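This report refers to the structure that appears directly beneath it.
The values are calculated or read from the model by the stated rules, or taken from the named source; none is laboratory data. The structure displayed is predicted, hence computed values, not measured ones. Reconstructed Cβ throughout: ideal geometry from the backbone, glycine too, with neighbour counts over all protein chains shown.
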Amino acid sequence: MSTTGVPAGRQAGNAASIQATAHALAKVESAVAVVLVEGISDQIALETAAAGRGRDLDTERVVIVPIGGAHAIGNFLARLTSLENRLRFAGLCDLAEEEIFRRALDLLGAGSPRTRSDMERLGFHVCVDDLEEELIRAVGTTEVESLFAAQGDLRSFRSFQNQPAWRGREPEAQLWRFLRSSSRRNLRYVRLLAEAAVARHTLPRPLDALLTAV
């Protein structure tokens, strides 16, 4: 525990998030399209998928901005739309935050979306239930475990599966929790899973549709 009372790992994660947001915002002035996402994992997945499809988002002047949590969406939309009307907007959120994004778009007067289809027409897409679950479904449990084996994490995953709280649970739930139990592990595998999904032509629909839109 740090002297501030916040765990050191969380401090490092917060610092990385702030740095990633600042770096992305520095590129907004020359951008033609801005994609607002909840966090770094979403940014990594989208940038990895775009690169896997041969796209160079920097050259295209498409900037993916991690906003540090869904509740910041309203502030970011207001801040960026006040710059210039030339910017195109898109976004990605988890199912639990869908209503937060919808309200923010409604308050901004951006088409007053009432349904998920309305949001998609505005370029905003929803992961069910979240990014990691979408990627696990897209790649498949067998392939995810193969990635664990290649990365030297399969033994740790087997040990995790034998924990009383997770023994006998659905493989998808076990994989999801194992990924989410470490932020560093999660970010590493989000990249690997996005690469695998592109290679298998099974990129989750929300990511595929969003990249197509921008």
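Flag not set for Gly39, criterion: surrounded by fewer than 19 Cβ atoms within 10 Å (Cβ to Cβ), touching a residue at least 12 places away in the same chain (Cβ under 8 Å) and not hydroxyl-bearing (Ser, Thr, Tyr). If you go through the stretch 141-148 one residue at a time, do you hit one that is of a type in the set (Asp, Glu), at pLDDT below 95 and not in a loop (DSSP other than H, G, I, E, B)? Within the stretch 141-148, not a single residue is of a type in the set (Asp, Glu), at pLDDT below 95 and not in a loop (DSSP other than H, G, I, E, B).
So, in the stretch 69-89, of the ones that are in contact (Cβ under 8 Å) with a residue 40 or more places away in the chain, in contact with a helix residue (DSSP H, G or I) (Cβ under 8 Å, 6 or more places away or on another chain) and surrounded by fewer than 19 Cβ atoms within 10 Å (Cβ to Cβ), which residue ends up nearest to Leu203 (Cα to Cα)? Ranking the candidates gives Leu87 first.
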